[in-house]
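Here the structure is laid out as structure tokens; the discussion comes afterwards.
The values are calculated or read from the model by the stated rules, or taken from the named source; none is laboratory data. None of the values given here were measured: they were computed from a predicted structure. A quick note on method: Cβ atoms are made from the backbone with ideal geometry, for glycine too, and the neighbour counts reach across all protein chains shown.
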Amino acid sequence: MARLIVKRILSVIPTLFLVVTIAFFLMRAAPGGPFNLERPLDPQVMANLQRLYRLDEPLGRQYLSYLAGLAHGDLGPSFYWRDFSVADLLGKALPISAGLGAAALALALIVGVAAGAFAAVHHRGPADAAVTGAASVGVTLPNFVVAPLLQLVFGLWLKWLPVGGWGGAAHVLLPITTLALPQIAAVARLTRAAMIEELAAPAARTLRAYGLAAPVRLRHALRGAIVPVVSYAGPAAAALMTGSVIVENIFGVPGIGRYFIDGALNRDYPLVMGVVVLVAALVVVFNLLADLAYAFIDPRVRDD
């Protein structure tokens, strides 16, 4: 297990380096700049701003300076939110996005695994068809369609929940549901397919031959079927816990997604880079956790 952990950690460094490099140069290649306004600034003011934020230096030197700051945990100042550093902004937004994402992920795993297992047990029956059809719809519908529908039904028609804003517990229910629904569908499909395969495996037939009760057989089959779900949960957790750009903007949630949009529109290079680095780091971390969980569930991975 220790060898697996070390191997995965060593593979993180070149991955993050490549992501940071590509994002840095793509941002600089985009037209416009952080201080290009509708009314052009005075040339002397523009020159002072360029010098203050070191944008007058050659691109290669800017890149090396950013890498040096990143190595010390410094994400730089925000060009648009000039009273805040990028770390300050992300530190305020990350708990909000992570809280919504964690709740959505927990809901998706609980409901998705239960629905997928239920469909597999009733394979080729009406229950299986209902779960499969609902999962297909859930995977197909994008968030920007689901979110307005939920706002329309629960906010405007039934008037049970607020359609936007940020405050009490009522404000988080619709964003969490919107984030969870596609993940519930994906987890249900994965669980169903893996569960059907496990129930048809020789091990399951052997358990039936020994006369073990159905709940015992299902528990053994579910342990094998959960492996692809664990692999999927790694990147899904990173995507959910770093916020959804669409969902956070529709519901007015002050999370990472909104800062990413603001940074991109205003050419706030450090803010966009900070979000990219954070998301990449979380993807790597959650994939590592998924690999470790995979090795714990399936001992053959540890042996390899």
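So the values come out like this:
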| read-out | value |
| --- | --- |
| Within the range 236-273, tally of residues that are closer than 15 Å to SER97 by Cα and either of a type in the set (Phe, Trp, Tyr) or in a helix (DSSP H, G or I) (or both) | 19 |
| Unique residue being of a type outside the set (Lys, Arg), at pLDDT 85 or above and buried (at least 18 other Cβ atoms within 10 Å of the Cβ) when the list is ALA221, ALA130, ALA186, ALA204 | ALA186 |
| Selection status of LEU174, outside any loop (DSSP other than H, G, I, E, B), of a type outside the set (Asp, Glu) and closer than 24 Å to GLY255 by Cα | yes |
| Criterion: touching a Phe, Trp or Tyr at 6+ places or on another chain (Cβ under 9 Å) and part of a helix (DSSP H, G or I) - qualifying residue of GLN44, GLN50 | GLN50 |
| Filter result for the condition that a residue is crowded, with 17+ Cβ neighbours inside 10 Å and not in a helix (DSSP H, G or I), over VAL163, VAL113 | VAL163 |
| Hits in the range 242-263 (condition: surrounded by fewer than 24 Cβ atoms within 10 Å (Cβ to Cβ) and modelled with pLDDT under 80) | VAL245 |
| Some residue of the range 191-199 being of a type outside the set (Ser, Thr, Tyr), farther than 18 Å from ILE246 by Cα, at pLDDT 90 or above and surrounded by fewer than 19 Cβ atoms within 10 Å (Cβ to Cβ) | no |
| Matching residues in the range 67-79 - criterion: being touching a residue at least 24 places away in the same chain (Cβ under 8 Å) and either closer than 11 Å to GLY274 by Cα or under 25 Å from the mean Cα position of the chain (by Cα) (or both) | LEU67, LEU70, LEU75, GLY76, PRO77, SER78 |
| Residue ID - nearest to the chain's Cα centre (by Cα), chosen from residues in the range 80-95 that are closer than 22 Å to VAL19 by Cβ and in a helix (DSSP H, G or I) | LEU94 |
| Test: LEU212 is part of a loop (DSSP other than H, G, I, E, B) and either over 23 Å from the mean Cα position of the chain (by Cα) or at pLDDT 85 or above (or both) | yes |
